[in-house]
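A.B. asks: Have a look at the structure that comes next, please.
Quick note: the coordinates plus some simple rules give every number you see, no bench work behind them. Quick caveat: nothing in here was measured; it's all calculated off a predicted structure. Cβ placement follows ideal geometry from the backbone for every residue including glycine, while neighbour counts extend to all protein chains displayed.
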Amino acid sequence: MPAHPELFRRRADVLADDRGSGSPVVFAHGTLMDRTMFDPQIAELTPDYRCVAYDSRARTDAYADGYDLDDLAADCVELLNGKGIDSCVLVGMSVGGFTALRVALDYPDRVDGLVLIDAPAGPTTDAERDTYERIVADLRENDLVPGTLARQIAERVTSETTHEERPELLETWAERWETYPGDAVANEYESWYAKAGVADRLDEIDVPSLVVHGEEDVFDIERAEATAAGLPDADLVRVPEAGHLSNLERPAVVSDALGDFLADVYAD
């Protein structure tokens with residue numbers, strides 16, 4: 001039996017990497033990923049900032065049924081409480097970004113700045129929901145994530161350039177995904193894939209924002225443009241030759257953009 005979610009919220013010490021010192025930057029990962037996906041960015045930022053990257057409940061024994069993005073936002077706030085962080089720049093990739101949006105909307109005093117990596121604010125499309133429903137059905141039928149499915153997803157979320165130049169990136173993550181419980185990943189998908197989106201509330205977010213998006217992402221770049229346009233104070237960075245894992249596919253581009261953004265947010 002998965003552990004009760006409350007156990008997850010009391011384990012901030014072991015579920016997060018806490019490195020560096022200075023103004024805090026907190027990282028929330030995407031579906032199937034884990035906190036290590038931000039290692040390239042954290043390596044660049046820790047000389048100047050306190051960087052906290054955490055695993056969501058999907059990567060733990062607390063992957064209970066029935067959680068949603070509001071629960072994940074509450075998890076994030078409990079992590080901040082456990083780490084003694086009053087407010088931070090919150091960086092979220094994919095579902096981590098969907099979570100970050102809800103933290104910014106529902107707990108605005110906890111967010112100094114918002115970074116959305118491959119995480120458009122609008123709803124998923126009917127076609128996307130059909131795809132995710134098929135993935136979830138496959139996951140429910142298997143104790144662990146099937147290797148074939150893991151590799152299909154790895155190809156789907158990365159660019160053609162990455163396929164050709166860095167096939168080891170796909171294989172490294174696919175091999176990791178094969179060790180995950182199928183139910184854990186199914187629950188992870190179900191926490192967000194039917195989301196209504198918060199595009200109509202973006203004007204409520206009054207902190208500086210950065211929207212980072214791979215030009216070959218499965219979520220079209222136009223959706224990132226719409227997200228950036230809807231935020232009152234946002235810049236958009238397009239990442240060439242990158243898909244949905246843009247911060248891993250083109251780490252230097254994303255690290256530079258993030259560094260510039262943080263310097264502006266914490267200029268004082």
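A.B. asks: Between VAL218 and ASP109, what FRET efficiency follows from the Cβ-Cβ distance if R0 is 45 Å, with the result rounded to 0.05?
C.D. replies: The value I calculate is 0.85.
A.B. asks: While we're looking at this one, here's another question. Can you give the helix-only mean residue ellipticity at 222 nm for the chain, where every DSSP H stretch with n ≥ 4 adds -39500 (n - 2.57) and the sum goes over all residues, rounded to the nearest 500 deg cm²/dmol?
C.D. replies: Estimated from H runs of four or more residues: -13000 deg cm²/dmol.
A.B. asks: To continue, here is another question. For the modelled label position 7 Å from the Cα of ASP70 along Cα-to-Cβ, which residues of the stretch 16-31 have backbone nitrogen atoms closer than 16 Å?
C.D. replies: none
A.B. asks: Tabulate in residue order the Karplus-calculated ³J(HN,Hα) for the stretch 72-79, using 6.51 cos²θ - 1.76 cosθ + 1.60 with θ = phi - 60°, rounded to whole Hz; enter x for Gly and Pro.
C.D. replies: 5, 5, 5, 4, 4, 5, 5, 4
A.B. asks: Give the shape of the stretch 130-215 as rounded, prolate or oblate, defined through the alpha-carbon gyration tensor: a ≥ b ≥ c are the square roots of its eigenvalues, a/c under 1.5 means rounded, and otherwise the shape is prolate if a/b is larger than b/c and oblate if not.
C.D. replies: Here the stretch 130-215 falls in the oblate category.
A.B. asks: How large is ³J(HN,Hα), in whole Hz, for each residue of the stretch 85-99 in order, when computed from phi with the Karplus curve 6.51 cos²θ - 1.76 cosθ + 1.60 and θ = phi - 60°, using x for Gly and Pro?
C.D. replies: My calculation for the stretch 85-99 gives 9, 6, 7, 7, 7, 9, 10, x, 10, 6, 4, x, x, 4, 5 Hz in order.
A.B. asks: Compute the relative contact order of the chain as a whole-number percentage, counting only Cα pairs closer than 8 Å that sit 6 or more residues apart in sequence.
C.D. replies: Value for the chain: 20 percent.
A.B. asks: According to the square roots a ≥ b ≥ c of the eigenvalues of the Cα gyration tensor, what is the shape class of the chain, taking rounded for a/c under 1.5, prolate for a/b larger than b/c otherwise, and oblate for the remainder?
C.D. replies: It comes out rounded by the Cα gyration axes.
A.B. asks: On full extension of the chain, what length is gained from ASN81 through ALA43, given 0.36 nm per residue of separation minus the C-alpha to C-alpha distance?
C.D. replies: Length gained, ASN81 through ALA43: 11.3 nm.
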